[in-house]
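I have placed the structure first, in the form of structure tokens, so that the comments after it can refer back to it.
The values are calculated or read from the model by the stated rules, or taken from the named source; none is laboratory data. Here the structure is a predicted model, which is why all the values come from computation and not from measurement. When we count neighbours, we look across all protein chains shown, and the Cβ atoms used for this are built from the backbone with ideal geometry, even at glycine.
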Amino acid sequence: MVPAAATMAVVSLDIRSHLRAALDADPVPEPAPGDRLAAVLALLIEEEDAVVLTERSAELRRHAGEISFPGGLAEPGDASLAATALREAQEEIGLDPALPEIVGALPSVHTFVSGILVTPFVGVVQRSPELAPRDGEVVRVLTTPIARLLEIERTVTWERPGGRRWTGWVYDVDGSTIWGATGWMLHDLLELLRVRV
């Protein structure tokens, strides 16, 4: 009989190997003229089979009150976009940047309202670290089961100001709605996890 700890290690290795094979190990996003580069961290917790999201403060100028992955704009001192994602996660939710294993990046997503090209990195930890809002940008940390997100995932088309329409992936979680660029990134991640064996 295989000890439980050994079984967990095999499962963890399989998840990480599966994601490493499917993700971009060295993304090189190409921003349009005038766009800025940013990175976010999609943190997966293996023991809970869950992903970490944040609720942004309602006082922010951009994307106020929205649910997002921790992250932000690249800064000159960042060694890479992955370093940007880890730095921002530390600043926003207190994540020790040494804890997650970065297994690769999902396709970059352009936020047309703010002119930012966002590269989402996927990080994996075995068990849930201590996380809490840290810098005033984030008011809540949400650890959401993958199975729940797969269950509630839906597409919508919404009318937007100026006669525009937005079509994308939407998730209603804990009284909040995940949509926009985060909805697209989350869908891309869930597509990889959906086919996991």
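A few points about this structure:
- Output for region 116-140, where each listed residue is over 18 Å from Met185 (Cα atoms) and among the hydrophobic types (A, V, I, L, M, F, W, C): Val125, Leu131, Ala132, Val138, Val139
- Within region 155-172, the set of residues being within 18 Å of the chain's Cα centre (by Cα) and either aromatic (Phe, Trp, Tyr) or more than 14 Å from Leu189 (Cα to Cα) (or both) comprises Gly168, Trp169, Tyr171, Asp172.
- Note on region 100-138: residues that are polar (S, T, N, Q) and without any contact (Cβ under 8 Å) to a residue 12 or more places away in the chain amount to 0.
- Residue in region 155-174 that is within 17 Å of Gly71 (Cβ to Cβ) and of a type in the set (A, V, I, L, M, F, W, C) present: no
- Qualifying residue in region 120-141 (condition: part of a strand (DSSP E or B), hydrophobic (A, V, I, L, M, F, W, C) and surrounded by fewer than 15 Cβ atoms within 10 Å (Cβ to Cβ)): yes
- Restricting the search to strands (runs of 3 or more DSSP E) fully inside region 39-119 and requiring at least 2 residues that are at pLDDT 95 or above and of a type outside the set (Gly, Ala, Ser) gives 50-56, 101-105.
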